[in-house]
Amino acid sequence: MRLRHKPWAREKIENYPQYVIPNPEQFRGNWSALFENNQPIHIEVGTGKGRFVTEMAKANPDINYIGIELQESVIVAALDRLIEAELPNVKLMNTNGEDLQKFFARADVERVYLNFSDPWPKNRHEKRRLTHESFLSLYEKILIKHGEIHFKTDNRGLFEYSLVSFSKYGLRLKYVSLDLHNSDFEGNIMTEYEEKFSSKGHPIYRCEVKY
Ligand SMILES: C[S@@+](CC[C@H](N)C(=O)[O-])C[C@H]1O[C@@H](n2cnc3c(N)ncnc32)[C@H](O)[C@@H]1O
């Protein structure tokens, strides 16, 4: 993602602790204290500008959503969405997905969403792909038993790589589509990247896998 530096972003994030969780490690193993209920938690790693988590939270009030985004200058756009939507069941974390275990204990999370993750096409960057086996192992450590990953992308190379990575890890494939927008899948919520790439005619690949 090309970034415009926003020097004011940090201050804005700090001004909205009710939306961007300031010390997420304090809720490790006890997320019900933050959401004030025992609803399942679904996280999106690399949430970008936050349309997906916000719209999912609106559509599914019985699920708690957390959007995780590394870049301050991107997460502020997601923050604007949350301020406007005023939903009790969606929060943001301005952290690196590599650190998930600091914030979530085993079985804290029911589902991981990966949407249009950076493809890192060079072989030497393979470990940065969010579907690399090191990330699959990390997700396993925070997911419930038989937790799921739902993944979509327009990047065919990343999709092929990820299917192999899931399979080598022993995950079970529940659903796959090579053209999501022309499939029978219902209730799709478009992300910002999905809208951009599908409007250029790219097919969208989607799968659901289960541990
Ligand atoms: C290509 S964008 C997709 C954004 C959004 N999911 C969408 O579909 O519109 C990928 C996003 O993932 C974020 N990201 C990449 N690696 C990350 C990581 N390790 N932890 C948290 N966010 C990450 C990037 O900063 C970027 O905003």
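Quick note: the coordinates plus some simple rules give every number you see, no bench work behind them. On a predicted model such as this, the values are computed, not experimentally measured, just so you know. Methodologically, a virtual Cβ is constructed for each residue, glycine included, from the backbone with ideal geometry; neighbour enumeration extends over all protein chains shown.
Just a few scattered comments:
- Rounded to the nearest 20 debye, the dipole magnitude of segment 1-133 is 580 debye, with +1 charges on Lys and Arg beta carbons, -1 on Asp and Glu beta carbons, and the Cα centre as origin.
- Farthest towards the positive end of the charge dipole of segment 1-122, among the residues PRO119, PRO40, VAL74, is the Cα of PRO119, using unit charges on the Cβ of Lys, Arg, Asp and Glu.
- Within segment 1-71, trypsin sites (Lys or Arg not before Pro) in DSSP loop having at most 11 other beta-carbon neighbours inside 10 Å: ARG2, ARG4
- As a length-normalised measure over Cα pairs under 8 Å and 6 or more apart, the relative contact order of the chain settles at 20 percent.
- Loop chymotrypsin sites (Phe, Trp or Tyr not before Pro), segment 7-36, which have at most 14 other Cβ atoms in a 10 Å radius of their Cβ (DSSP): TRP8
- For segment 43-148, average projected area of the Cα convex hull in nm²: 6.8 nm²
- Debye-sum result for segment 97-211 in log10 I(q)/I(0), which assumes one identical scatterer on each alpha carbon, at q = 0.12, 0.16 Å⁻¹: -0.42, -0.75
- Axial C-alpha extent at least 18 Å, average Kyte-Doolittle at least 1.0 - helices from the chain (DSSP): 72-85
- From the Kirkwood radius over Cα pairs of segment 46-95, Stokes-Einstein at 4 °C and 1.567 mPa s returns a whole-number translational diffusion coefficient of 125 µm²/s.
- Helical runs (DSSP H, four residues minimum) scored at -39500 (n - 2.57) apiece and divided by the length of the chain put the mean residue ellipticity at 222 nm at -9000 deg cm²/dmol.
- Across segment 105-186, C-alpha contacts under 8 Å between residues 6 or more apart give a mean separation that, scaled by the residue count, equals a relative contact order of 36 percent.
- Taking only Cα atoms of the chain, radius of gyration then Dmax in Å: 16.3, 44
- Between segment 113-176 and segment 70-91, the Cα center-to-center distance that results, in Å: 25 Å
- Here the label points at SER167 and PHE185, each 7 Å from Cα along the C-beta direction, are separated by 1.9 nm in the simple model.
- Spatial offset of segment 191-205 relative to segment 36-68 amounts to 21 Å, using the alpha carbon center of each.
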